[in-house]
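**Q** My questions all concern the structure below.
The values are calculated or read from the model by the stated rules, or taken from the named source; none is laboratory data. Quick caveat: nothing in here was measured; it's all calculated off a predicted structure. Please note: Cβ atoms are built from the backbone with ideal geometry, for glycine as well, and neighbour counts cover all protein chains shown. Areas reflect the complete protein model, heavy atoms only, side chains present, ligands, DNA and RNA absent. Shrake-Rupley method; radii C 1.70, N 1.55, O 1.52, S 1.80 Å.
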Amino acid sequence: MGSFSSTSFDREYPAFAGTGTLFQLNYSYPVRPYIGLGATAGYRQNPFLEDKFAKPDDALVQEMESSPWQTAYVLADVQYQVPLLNRGGHAYVRGSVGGAFNRSAFLQVQTPFGTITRSSDSSFALAYGASAGITEAYNRLLIGVETNLRYMRPAFEVASQQGDIKRYRQQMNSFSFGVSVGYKL
């Protein structure tokens, strides 16, 4: 989403991030009839799109190796929920703020003229989120659908081929849609 999925060489350090995997755990405790406080912990991994960086038939690329973009985050949540008219389900919107530990993708390309390496770096950044969903209750089991928007912009350092260190900020925004399974305590 945004520059995180950029495959344009017009940017100094395009991310070439592809669609990835997200695991997320939420906890919400009702403090008022329609208000809940809670926490969200998650991990996501987005592959580096090697085929967008260099075409598979590129004669200059002899071998390419990469690692994915990675993020682990913990967020504090405020949730507004409205009960549905059946069996205890609810519709909700959630706002979140917290921190994220991010790791940039590693890339190494072998060419006839030498090796090009873009090393990975780690960075902590503030993270923000917004979510909305609907949950249906079946006794204590909760089944639902949820959509999430996450925003973070960590600062990474990258070494040029000449050894110069440059610092750049990478937007790592993401949008996800998923099915949720929960248990009501």
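**Q** Using a 1.4 Å probe, how large is the accessible area of residue 165, given in Å² and rounded to the nearest 10?
**A** In the full protein context, residue 165 sits at about 110 Å².
**Q** With 19 Å as the cut-off, how large is the P(r) tail for the chain, expressed as percent of Cα-Cα pairs?
**A** When all Cα pairs of the chain are counted, 63 percent exceed 19 Å.
**Q** At residue 111 and residue 37, where each label point lies 7 Å from the Cα along Cα→Cβ, what is the point-to-point distance in nanometres?
**A** The two pseudo-label positions are separated by 5.5 nm.
**Q** Ordering 169, 153, 94 from largest to smallest accessible area (1.4 angstrom probe), what's the sequence?
**A** Descending order: 169, 153, 94.
**Q** Can you sort 140, 44, 32 by solvent-accessible area, 1.4 Å probe, largest first?
**A** Correct descending sequence by accessible area is 32, 140, 44.
**Q** Got a sec? What order do 164, 121, 57 fall in by accessible area at 1.4 Å, biggest, i.e. largest, first?
**A** 57, 164, 121
**Q** Calculate one ³J(HN,Hα) per residue across the range 35-40 by plugging θ = phi - 60° into the Karplus curve 6.51 cos²θ - 1.76 cosθ + 1.60, and present them in order as whole Hz with x for glycine and proline.
**A** Values, residue by residue: 10, x, 10, x, 9, 10 Hz.
**Q** Based on the mean of other Cβ atoms within 10 Å per residue, sort peptides 18-29, 71-82 so the most packed one is first.
**A** Result, highest mean Cβ count within 10 Å first: 71-82, 18-29.
**Q** Carbon-plus-sulfur fraction of the accessible area of the chain, 1.4 Å probe, in percent?
**A** It is 59 percent, rounded to a whole number.
**Q** What does the helix-only formula give at 222 nm for the chain: each DSSP H stretch with n ≥ 4 adding -39500 (n - 2.57), the total divided by the residues, and the result rounded to the nearest 500 deg cm²/dmol?
**A** -500 deg cm²/dmol
**Q** Kirkwood Rh, Cα Rg: Rg to Rh for the range 93-144?
**A** Value, to two decimals: 1.35.
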